[in-house]
Structures are given as structure tokens and as C-alpha cells.
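Here's the structure we're looking at; comments come further down.
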Amino acid sequence: MTLRTECAVNAVEAARVLGGDSRSRLSAGGTLLMRAVNEGDPSFDLIVRHADPQVLSLRLQADRLHIGAAVTMSALLASPDAACLHAAARQVGGPAIRNMATVGGNLFAPSPYGDLATALLALDATYTSVDDTNPRPLESLFALRATHTVAGSPIARPPVVLELQCRRPAAEADFRFLKVSRVKPKGISVMAIAVHLPGSATGARLQQVRIAFGAMGATPLRAVSAERALEGQTLGEPSIAAATAVALDGLHPDTDAIASRWYRQTVAPVHLGRALRAGGRR
Amino acid sequence: MSKVAVRLVLNGDDRAVFVDPGQNLLDVLRRELGDLTPKYGCGQGTCGACTVTVDGEVRLACLTLAEAVDGCRVDTAAGLADGAELHVLQEAFMEHFAAQCGYCTTGMLMSAATLLRDKPSPSRDEVVEAISGNICRCTGYEPIIDAILAAARGSTTGSGRR
């Protein structure tokens with residue numbers, strides 16, 4: 001495979017180059033793209049990267065966390081403002097991977113990767129891109145990914161993401177992240193579960209419940225039926241039982257080298273129950 | 001396709017090299033610059049055998065686009081020893097039998113050296129976390145953890161367990 005590379009001056013220029021060549025790929029931290037290069041992936045021959053400073057910013061503004069697409073997992077972990085995402089970011093690879101892997105890249109990580117994207121989905125994250133600077137729900141990006149891929153290769157140009165925004169939980173204990181893995185201390189996800197339960201820290205009735213699963217479909221997915229089972233309830237064994245009973249609704253796990261579809265379906269309600277009973281971030 | 005000129009500081013020495021577009025840093029270090037300490041293990045970012053530092057941060061050379069390190073400082077395990085005098089971590093690895101086949105050792109050393117630079121007195125859990133991206137199929141990790149803790153204490157011998 002003969003490769004070409006192009007370093008664009010900014011994200012807009014990168015998007016222009018990407019749009020003009022259907023055999024191009026954007027390099028973020030390189031942890032996914034260089035792996036494809038090493039494996040001789042024949043689906044692309046142009047690597048585009050850019051060093052736009054606007055995608056490196058990380059700030060808290062009016063209880064919304066703004067995360068540039070090129071912010072690395074290590075940068076997230078170094079920011080007290082992003083504490084709600086630390087449990088998920090810490091589970092992404094070892095220190096070297098975390099120094100390289102970016103938030104934007106994680107959005108495009110194929111299952112069973114994409115732990116941080118799962119956490120972002122449960123925090124109602126939105127994204128902006130070069131083509132559309134109005135915040136759009138992260139779910140729409142995942143829907144685009146799921147629709148526009150064949151055998152894992154994109155057949156339509158994905159957006160060049162500029163920034164993610166997500167709400168910061170009012171209380172630390174309202175947000176729980178659980179990564180289920182066979183290998184300790186680090187391994188690839190059997191599944192990841194992110195749960196946002198506003199009100200749980202104070203024992204109030206739950207409002208705007210969000211439950212997201214990673215590695216239970218081609219992209220991170222919300223367990224909408226389980227969310228509905230908890231909405232308006234207080235968190236306790238009856239509501240947890242109701243949520244776990246419908247945990248699998250809308251989830252479509254695959255069989256891969258880490259776990260079978262059957263295994264994932266069997267253990268998902270158990271792990272959701274554990275995540276709901278846990279006292280906060282894990 | 002024309003090559004790309006890259007300048008870097010490798011273990012303190014200014015180096016210049018022409019790289020192929022898309023070539024990874026590991027290939028360039030081993031094939032073009034003759035530094036054989038970072039190893040090719042998986043090419044997927046899983047094993048950590050190619051761990052180096054770029055501007056002081058641990059990175060996986062197999063997943064790093066070589067041209068992206070233009071102007072950077074790159075350090076490998078080849079730069080740990082000072083002439084014939086081994087780095088305290090290298091001494092500790094020998095004393096604790098922390099290397100068997102040795103394939104993972106240079107990556108382990110780079111992860112450990114970065115940890116001790118940032119945290120001179122790490123806990124055992126911090127050591128485990130620091131090498132969590134480095135796979136060893138020989139030792140069972142315990143001798144490696146002991147060696148790193150011993151090096152942190154400034155003592156290359158004795159049990160490093162806490």
C-alpha cells in the first residue's frame with residue numbers, strides 16, 4: 001500500500017482535503033488509524049492530519065463541559081473539571097495509549113472499543129463539526145456511523161468533529177461508569193455501562209435518567225426501556241429490577257474475540273444491576 | 001511517492017532522516033536510525049514492546065506517524081544507560097530477574113522510567129497502572145513490579161513489595 005500524507009493548517013482545510021478524496025482518512029491520535037496502516041488496510045491511501053488549536057481546548061462553562069476533539073485521555077484525566085469522565089478515560093488502554101488517544105477518535109472507535117464515547121452518550125453529549133457548528137446529539141453521529149459503514153469501512157464522509165459538549169452531573173454519585181473486562185487491570189470491554197441518575201445522590205425521584213451501553217452494538221447505544229423503567233422512581237431494588245428486566249431492549253451485541261453475543265446478552269442485566277447499585281463512579 | 005524529511009533529537013543526539021509517508025516511528029527507529037531497543041510486538045497498540053517517549057510522554061512507536069515527531073525529542077531504552085553505567089532500573093531488573101526472554105523489557109523500562117521521573121516514590125498500585133499497557137508473557141509481572149519499586153527506593157536489591 002502506497003500512502004500519502006497531508007498536514008492541513010486547520011480543521012476546515014482538513015475537511016476540504018478529506019471531502020475531495022474518498023480514499024482519505026483523518027488521523028486523530030493515530031491509535032486506530034496507524035493500526036489499520038500496520039495491518040495493510042487497503043481502503044485508504046491518504047492520511048490527513050491537522051494541528052488546529054481550537055480542537056485542543058477543554059473548559060467548563062455554565063455546568064457544560066466543552067471538550068475539543070483532539071483532547072487526549074491523559075489531558076482529560078489531568079483536568080479536575082472533567083472529573084465525571086475520569087473513570088471512563090482511565091479505562092482506555094495504558095498510559096501510552098492515553099497520551100495518544102483522543103476524545104474525537106474515540107467516537108469513531110469500532111466496537112468493542114469506545115468506552116469514553118459510552119460515558120459521553122450517557123451525559124447527553126452533543127458535538128459540533130466543521131460542516132455544522134450547531135451542537136447535534138452524539139446519537140446522531142453514532143446513527144450516521146452505523147448507517148454509513150460496510151464491514152467497518154466508511155462509505156460516506158464522516159464529519160470532522162470540532163468539539164464535544166456534555167452536562168456535568170450535579171453530584172458525583174449521580175454518575176456511574178462500569179467497564180466489564182476479562183483481563184485485569186486492563187482489557188478490552190466485554191461491555192461498558194454508563195449510568196446517569198440525576199437525583200440519586202439525594203434519594204430523590206430520578207429525572208432524565210440515561211443509561212448507555214458500549215460493546216453491545218456497532219456503536220454505543222442507549223437502553224431506553226431501562227431508562228423509562230427508572231424515570232420518576234426512587235432508586236431501590238424494585239426500580240432496579242424493573243430496569244434490568246428490560247435492559248436488553250434495543251441492544252444488538254455481536255460475537256467477537258472477547259465475548260459471544262449470547263454471553264453479552266446473558267450478563268448485561270447483571271452488570272447493569274451492579275452499576276445501578278454502585279455508590280458512584282468506578 | 002517522495003519521502004518526508006524529519007529532524008528529531010534521539011536520546012540527546014540531533015538526527016535527520018527521510019521517512020516514507022505513513023511510515024510509523026518504530027520502523028524509522030529500527031530500520032533508518034539503527035536503534036533496535038523498541039521492539040515490534042503486535043502493531044496494534046496492545047503489547048507495549050515499542051514504548052518510547054516523545055517530548056517526555058510515553059507513546060507507542062508502532063502507532064506514531066513518524067513525520068508527526070518532526071522537531072520532537074524521542075527517547076528510547078538505548079538512552080537509559082550512561083555509557084557503561086546502567087540506569088538504576090536496568091540494575092534493578094537484573095537483580096530481580098525481571099527479564100526472561102527480554103522482548104518486553106525495553107518497553108517496560110521506558111514506562112517505568114517515566115513513572116519514576118513523575119512520581120519518584122510510587123505505590124505498588126501506581127507501578128501496576130504505569131505498566132498496564134506493557135505485556136510480559138514470561139515473568140508474571142511480580143519481579144518487574146518488585147524491580148521498579150526497588151529502583152524507586154534507590155535500592156536495586158531486596159523485595160519491592162509494600
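The values are calculated or read from the model by the stated rules, or taken from the named source; none is laboratory data. Because the structure is a prediction, the values reported are computed rather than measured. A quick note on method: Cβ atoms are made from the backbone with ideal geometry, for glycine too, and the neighbour counts reach across all protein chains shown. Accessible surface areas use protein heavy atoms only, side chains included; no ligands, DNA or RNA. Shrake-Rupley method; radii C 1.70, N 1.55, O 1.52, S 1.80 Å.
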Next item on the list: Note down the accessible area of B:Leu29, probe 1.4 Å, to the nearest 10 Å².
Entry: 0 Å²
Margin query: Less than 14 Å Cβ to Cβ from B:Thr139, Lys/Arg counted +1 and Asp/Glu -1: what total charge do the surrounding residues give?
Written below: -2
Next item on the list: May I ask you to evaluate 6.51 cos²θ - 1.76 cosθ + 1.60, the Karplus curve with θ = phi - 60°, for each residue of the stretch A:193-205 and list the ³J(HN,Hα) values in order in whole Hz, giving x for glycine and proline?
Entry: 10, 10, 10, 10, 10, x, x, 5, 5, 9, x, 7, 5
Next item on the list: State, in square angstrom and to the nearest 100, the accessible area buried between chains B and A, both chains counted, probe radius 1.4 Å.
Entry: 2000 Å²
Next item on the list: Between the chain alone and the structure with every protein chain in place, find the residues of the stretch B:7-34 that drop at least 10 Å² of accessible area; heavy atoms, 1.4 Å probe.
Entry: B:Pro21, B:Gly22, B:Asn24
Next item on the list: Quick one: compute the contact order of the stretch B:88-153, relative version, from alpha carbon pairs under 8 angstrom and 6+ residues apart, as a percent.
Entry: 52 percent
Next item on the list: Using the Cα centre as the reference, give the magnitude of the dipole from point charges on the C-beta atoms of chain A (Lys, Arg: +1; Asp, Glu: -1; all else neutral), rounded to the nearest 20 debye.
Entry: 700 debye
Next item on the list: Could you please state how large a percent of the accessible area of the stretch B:88-153 is carbon and sulfur, counting protein chains only and using a 1.4 Å probe?
Entry: 55 percent
Margin query: Using only DSSP helix segments of four residues or longer, with each worth -39500 (n - 2.57), what per-residue ellipticity at 222 nm results for chain B after dividing by its residue count and rounding to 500?
Written below: -7000 deg cm²/dmol
Next item on the list: Per residue of the stretch A:67-81, in order, report the coupling 6.51 cos²θ - 1.76 cosθ + 1.60 (Karplus, θ = phi - 60°) as ³J(HN,Hα) in whole Hz, putting x for Gly and Pro.
Entry: 10, x, 4, 9, 5, 8, 4, 5, 5, 4, 5, 7, 9, x, 4
Next item on the list: Mind grabbing the accessible area of A:Arg64 for me, 1.4 Å probe, Å², rounded to tens?
Entry: 70 Å²
Notebook entry, point to check: Around B:Cys47, which amide H atoms from residues at least 5 apart in sequence, or from another chain, sit under 5 Å from its own amide H, with H modelled in the peptide plane?
Noted result: B:Cys42
Check: Which whole-number percentage describes the relative contact order of the stretch B:4-79, with Cα contacts under 8 Å and a sequence gap of 6 or more?
Finding: 39 percent
Notebook entry, point to check: Taking only DSSP H segments of four or more residues, each worth -39500 (n - 2.57), what value at 222 nm results for chain A once the sum is divided by all its residues, to the nearest 500 deg cm²/dmol?
Noted result: -8000 deg cm²/dmol
Checklist line | Heavy-atom SASA rank of B:Arg153, A:Arg49 (probe 1.4 Å, accessible area, largest first) | finding: B:Arg153, A:Arg49
Item checked: chain B - charge dipole about Cα centre, Lys and Arg +1 at Cβ, Asp and Glu -1, debye rounded to 20 -> 280 debye
Note to self: I'd like the accessible area for A:Glu39, computed on protein heavy atoms only with a 1.4 Å probe and all protein chains in place. Round to 10 Å², please.
What the structure shows: 110 Å²
Next item on the list: Starting from the Cα of B:Lys3, draw a straight line to each of the aspartates and glutamates and keep only those under 12 Å, dropping any in the same chain fewer than 8 residues away.
Entry: B:Asp20, B:Glu67
Note to self: Residue by residue through the stretch B:33-47, what is 3J(HN,Hα) from phi via Karplus (6.51 cos²θ - 1.76 cosθ + 1.60, θ = phi - 60°)? Round to whole Hz and write x for glycine and proline.
What the structure shows: 10, x, 9, 9, 6, x, 10, 8, x, 10, x, 10, x, 9, 9
Item checked: Whole-number accessible area per residue in Å² for the stretch B:51-96, which is evaluated in the context of all protein chains at 1.4 Å -> 39 Å²
Next item on the list: Rounded, prolate or oblate: pick one for the protein assembly as shown, where a ≥ b ≥ c are the square roots of the eigenvalues of its C-alpha gyration tensor, a/c under 1.5 means rounded, and failing that, prolate if a/b is larger than b/c, else oblate.
Entry: oblate
Notebook entry, point to check: Between A:Thr266 and A:Ala242, what length comes free when the chain is fully extended (0.36 nm per residue of separation minus the Cα-Cα distance, one decimal in nm)?
Noted result: 7.0 nm
Notebook entry, point to check: In percent, how large is the relative contact order of chain A, given Cα pairs closer than 8 Å and 6 or more residues apart?
Noted result: 15 percent
Notebook entry, point to check: Which cross-chain or sequence-distant (5 or more) residues have an amide H under 5 Å from the amide H of A:Glu163, H modelled 1.01 Å from N in plane?
Noted result: A:Ala69, A:Thr128
